[in-house]
Amino acid sequence: MTVLVWACFAVGAVVLFLTWMSVIGTLIVPRSTRSAVSRVTGRATMKFFHAITKPISSYVVRDRVLAWQSPMSLFVRLLAWVAMFNLSFILLLLPFVDGDFWKAASEAGSAMFTLGYAEPTNAGNTVLVYMAAITGLIVIALQVGYLPTLYAAFNRREAEVTLLVSRAGSPSWGPELLVRTRFGMEAQNTTQELGELYQRWERWAAEVAESHTTYLTLVWLRSPAAQSNWLISLLSVMDAAALQLSLSPKSAPHIRARLVLRMGFTCLNQVARAVRIPVDEDPDPDSPIDVTFEDFQTAVEILRTVDFPIEVTPEQAWPHFRGWRVNYEKVAYALAYAIDAPPAMWSGPRRFKFEPVLPHRPQNRTAKEVKPDDPQIISRPRPE
């Protein structure tokens, strides 16, 4: 019996050490860490929510349910940490209570949850009881301090996502961003406005790359609006930059557009690696992409409706657009699949059946004038 209780003491010490490593690595270390507890609880929560949303066909309803997934994973992870700490102190106390499991559990629980009903009887379990009490307080304090940091990063992310809705629609789409910018501004200001937008989104992508690899929960935290999403917004800005560079090589803001593309796929690659999605660091620029030339031509025709400066033919622009998009399409699609992003245009497959949704655009026409299959519904924006 003596050998057994001291073996339990050793196991408890190992569990205590590993649990502390998980807590510190997740809440304090400013980089992505390989925490088994976070990974297991996150995966279990994800599978549970995927199971209950599988029969739901409406994306809006799915989004409403999935909005609980990431917060619930935080709660489950906290419960797992508390349970592991409690178990570790139970095992550590066994040699000091003559192997009485229930007495060890009573003393550990009394200390961990600051109930104070079980009084320690010797020096050994007194030290462990104090350690258990301090551990409980520290873990709760760290989690309480973690949430404001997490939601501050979330709010900074969502500010730019929300601002983009008026520019690129909801869900966002690259061609729509170019159309609205061109329609809403004088011709000579379009390039400057897009250059400033690309500059802001370059910095936004850098911040997202840092925050979402440090706090992986942010990857799955959903926007307040069902059709808004951080990944879809970034993808639309990158597509807009790629379209402008390929179609308007003379007038495009080259430096800003190239920088936002570079930072964009750097951000996507870093986030993908953090959530263990394979990343191709050097894709072949001649590789095929999911967006077809016919899709590209359709986007070009939409741009023509607002006299967007198209300086080359679609056939000449296509290899350049494909060369840019091949750098980020595969990883963006994998992330969109993993986080159940809104079914936007040019955003890849999902785990649920859907039809790509065009950005919502109010019309200035009466209901009698609008026909369901009228192509003008997606090609003419409403004037101010």
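The values are calculated or read from the model by the stated rules, or taken from the named source; none is laboratory data. Bear in mind that the values here come from a model prediction, so they are computed numbers and not experimental data. When we count neighbours, we look across all protein chains shown, and the Cβ atoms used for this are built from the backbone with ideal geometry, even at glycine. Ligands, DNA and RNA are stripped out before the accessible areas are found, and what is left, the full protein with its side chains, is counted by its heavy atoms. Shrake-Rupley method; radii C 1.70, N 1.55, O 1.52, S 1.80 Å.
Before moving on, here are some points about what is shown:
- Verdict on Met112 being open to solvent by 10 Å² or more (accessible area, probe 1.4 Å), modelled with pLDDT of 85 or more and over 28 Å from Leu216 (Cβ atoms): no
- Unique match (being in contact with an Asp or Glu (Cβ under 8 Å, 6 or more places away or on another chain), part of a loop (DSSP other than H, G, I, E, B) and at pLDDT 90 or above) among Ser233, Ser172, Ser223: Ser223
- For the condition without any contact (Cβ under 8 Å) to a residue 24 or more places away in the chain and in contact with a Leu (Cβ under 8 Å, 6 or more places away or on another chain), His254 qualifies.
- Scanning region 255-284 for residues that are at pLDDT below 90 and open to solvent by 70 Å² or more (accessible area, probe 1.4 Å) turns up Asp280, Glu281, Asp282, Asp284.
- Val127 of a type outside the set (Asp, Glu), touching a Lys or Arg at 6+ places or on another chain (Cβ under 7 Å) and more than 30 Å from Ile302 (Cα to Cα): no
- In the set (1) of a type in the set (Asp, Glu); (2) open to solvent by less than 40 Å² (accessible area, probe 1.4 Å); (3) farther than 21 Å from Thr41 by Cα, Asp98 fails one condition alone, (2).
- Close pairs (6 angstrom Cβ cut-off, 6 or more residues apart or separate chains): on the phi < 0 side of the Ramachandran plot in region 183-203, modelled with pLDDT under 80 and outside any helix (DSSP H, G or I) anywhere: Phe183/Pro381; Glu193/Met185
- Total residues in region 345-361, condition touching a Gly at 6+ places or on another chain (Cβ under 9 Å) and modelled with pLDDT of 85 or more: 4
- Looking only at region 290-325, and only at residues there that are open to solvent by less than 30 Å² (accessible area, probe 1.4 Å) and in a loop (DSSP other than H, G, I, E, B), the one that is nearest to Ser347 (Cα to Cα): Val291
- When Glu176, Glu119 are checked against the criterion of being in contact with a helix residue (DSSP H, G or I) (Cβ under 8 Å, 6 or more places away or on another chain) and not small (Gly, Ala, Ser), Glu176 stands alone in meeting it.
- If you go through region 16-34 and keep only what is among the β-branched types (Val, Ile, Thr), surrounded by fewer than 17 Cβ atoms within 10 Å (Cβ to Cβ) and at pLDDT 90 or above, you end up with just Ile24.
- Exactly one residue out of Ser22, Ser38, Ser57, Ser70 is hydroxyl-bearing (Ser, Thr, Tyr) and part of a loop (DSSP other than H, G, I, E, B), and it is Ser57.
- Qualifying residue in region 35-58 (condition: surrounded by 21 or more Cβ atoms within 10 Å (Cβ to Cβ), at pLDDT below 90 and over 15 Å from Ile339 (Cα atoms)): yes
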